[in-house]
Amino acid sequence: MGLTGKETIVVYESGFGMRASRVGWMVEYAGTRKVYLLEGGFQAWRKSQLPVENKVVRPEQRTFRIRPVSRLLATADEIRSDRSAQILDVRSEGEFTGKANAEDEFLVLDGLSGQTSSMVERSSRQDPKWIAF
């Protein structure tokens, strides 16, 4: 991807950003300090008539040294021992009732740092296109 973890990373998708929030959290956990979600996603970028390039980008190969930020991930024992921890259940109704297919949905939750992440839907039918700007 051409990243070292030292640059500013802006993560986006078409609209709302559930998948983008997951990727943003992952690169932040891996040690990147400047990670942002593009509010409104690519739709908002286009609506604002900001510049867009539609070409394949072949980034220079670089080394991304993973330096986990442990404060962003809570273990069950840490949550149990922290009486002030607030746990937010962001599962879909199908996940909650056990009717959802685990292959289609999964959950990310960070109960100690005050950050919340969203349920992310996976789909093998998606063919992502990357647009550099």
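Among the conditions (1) assigned to a helix (DSSP H, G or I); (2) out of contact with any Asp or Glu (no Cβ under 9 Å at 6 or more places or on another chain), PHE42 misses just one, which is (2).
Might you check whether a residue that is modelled with pLDDT under 90, under 19 Å from PHE16 (Cβ atoms) and outside the structural domain of GLY15 (by TED's automatic domain parsing) occurs anywhere in segment 80-88? Yes, segment 80-88 contains a residue that is modelled with pLDDT under 90, under 19 Å from PHE16 (Cβ atoms) and outside the structural domain of GLY15 (by TED's automatic domain parsing). With respect to the conditions (1) touching a residue at least 40 places away in the same chain (Cβ under 8 Å); (2) in contact with a Ser or Thr (Cβ under 7 Å, 6 or more places away or on another chain), ILE9 lacks only one, and its number is (1).
Apart from one condition, ALA100 fits all of (1) surrounded by fewer than 14 Cβ atoms within 10 Å (Cβ to Cβ); (2) over 17 Å from the mean Cα position of the chain (by Cα); (3) at pLDDT below 85; the exception is (1).
Would you be able to say whether some residue in segment 37-50 is closer than 17 Å to MET1 by Cα and surrounded by 12 or more Cβ atoms within 10 Å (Cβ to Cβ)? Before the answer, list the steps.
So in segment 37-50, the residues closer than 17 Å to MET1 by Cα come out as none.
Checking segment 37-50: not a single residue is closer than 17 Å to MET1 by Cα and surrounded by 12 or more Cβ atoms within 10 Å (Cβ to Cβ).
Checked against the criterion of being within 21 Å of the chain's Cα centre (by Cα), of a type in the set (D, E, K, R) and part of a loop (DSSP other than H, G, I, E, B), the candidates ARG22, ARG67 yield just one match: ARG67.
The values are calculated or read from the model by the stated rules, or taken from the named source; none is laboratory data. The model shown is predicted, which means the values in this text are computed figures rather than measured ones. Every residue, glycine as well, gets a Cβ built from its backbone with ideal geometry; the counts of neighbours run over all protein chains shown.
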